[in-house]
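Take a look at the structure set out below.
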Amino acid sequence: MKKKNNPYSVAQFIALRHLTSKHNSGFVSFITFIAILGVTLGVASLIIALSILNGFEKTIKSNVVSFTAHMQLFAFQNQLLEKPEMTIQRVMARFPEITDMAPYLVREGMVRSKEDIDGIVIKGVDPSNDISAAKRRLVEGTYDLAERDNGIQTIIIGKRLSEKLKAAVGQRVLVYGLGGSSISLSQARTMQFEVRGIYETGMADYDGSIVYVNLRNAQRLFQVGPTVSGFDILVSETDSLESLSNQIPDYLGYPYYARTMQQMYRNLFMWIELQKKPVPIVLGLIIIVATVNIVGMLLMMVMEKSRQIGILKALGMQRKAIIRLFLFQGLHIGVIGTVLGNIIAFLLCWLELHYRVIPLPSGIYFMTHVPIELSFFNFFIVSIAALIMSFLASIMPALVATRLDTIKLLRFI
């Protein structure tokens, strides 16, 4: 007894023959190529755009956190805080969500090298408890903020500031600060530092202005005694930031005040969200163009293969089988375009991720190159969307093919 042919296998075989047959007219072959190219470019564009957007958001948040942590605890009207060790013990014991808490002293000053002079923000940190960018973003030298017995202390500066001052690792600079709470030239103090390390975050405003010194050296430079400006705080879950920013000041009392990174850089995070809003519209248009290409190609295929369709209907092919025939054609185009789009997107993202071939002006974009975050989820969701759209685009041409009159199709054979 003969084995009955699977209707799905027959429809798939004919669909492949239609797409790959050398007897197709040049115009239909060209339309098929355009349809595949449209899906390929649409998928690649979607994945690359999502990877760049996610990379932008991740890089900016990482840079912001490296300078300000998840949250900062300080005092109203920039008052100095006494007994920082006791404050850290109290907060860490009361709030287990906090993973790190580091004291700092921040004041404005000036730095002078043999070549130039510039205004800076001096941040004094405790080397044994430092969660700042200087420790994780070094590109030259070593992380050395140890307090020295002689008069020359250590400092870490940003790459942009290093280039302006022409101060390399090992060279000495003079740092000027104002002591106490008043701003008076009579209280100006000068300390000599040796550049021990150079950091780079890609954010020009930070790399060109913030320098790091030992907390005790900063306290001596500004004559503030054993006090600090505030505390950098890292938490285990960023979802708890808002509640913690209210609970900690309530627990410690006046004059403590807390601000999250979203509150301190509200404009920056709003800019990130603004960049995301038009993306679904633009990328949706790309998908629609690819879908229209598939519809046009299959309609041309219906016109080109109308006689073959009439023969198949005369031989007894059912309406459902003809619908499957064109659905398979649309899906084959979608699969080929999706695979090629994934390959192109991965290669381009990998090249940018490893070789940084596209530079960016750091003064505008807060980074020196286009950031990329390769995510399996982006590839998966875009591929599924492309295949669904390819399937939906195949329905209308399939219905058109089933409504053709068999008698009229076979009349002139």
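The values are calculated or read from the model by the stated rules, or taken from the named source; none is laboratory data. Being a predicted model, the structure only gives us computed values, none of them experimental. Heads up, the Cβs are rebuilt from the backbone with ideal geometry, glycines too, and the neighbour counts pull from every protein chain shown.
Observations, loosely collected:
- Condition check for residue 134: at pLDDT below 85 and either surrounded by 14 or more Cβ atoms within 10 Å (Cβ to Cβ) or assigned to a strand (DSSP E or B) (or both): yes
- Where a residue in the stretch 269-297 is under 27 Å from residue 394 (Cβ atoms) and its partner, wherever it lies, is surrounded by fewer than 13 Cβ atoms within 10 Å (Cβ to Cβ), with Cβ under 6 Å and at least six apart: none
- Verdict on residue 59 being at negative phi, surrounded by 15 or more Cβ atoms within 10 Å (Cβ to Cβ) and not aliphatic (A, V, I, L, M): yes
- Residues satisfying the stated conditions in the stretch 164-207, i.e. assigned to a strand (DSSP E or B), among the hydrophobic types (A, V, I, L, M, F, W, C), touching a Gly at 6+ places or on another chain (Cβ under 9 Å) and at pLDDT 90 or above: 175, 191, 195, 198
- Filtered residues of the stretch 107-131 (kept if farther than 17 Å from residue 192 by Cβ, surrounded by 18 or more Cβ atoms within 10 Å (Cβ to Cβ) and of a type in the set (Val, Ile, Thr)): 125, 131
- Answer residue from the stretch 356-382, given it is over 14 Å from the mean Cα position of the chain (by Cα), surrounded by 19 or more Cβ atoms within 10 Å (Cβ to Cβ) and at pLDDT below 90 and is nearest to residue 207 (Cα to Cα) among those: 362
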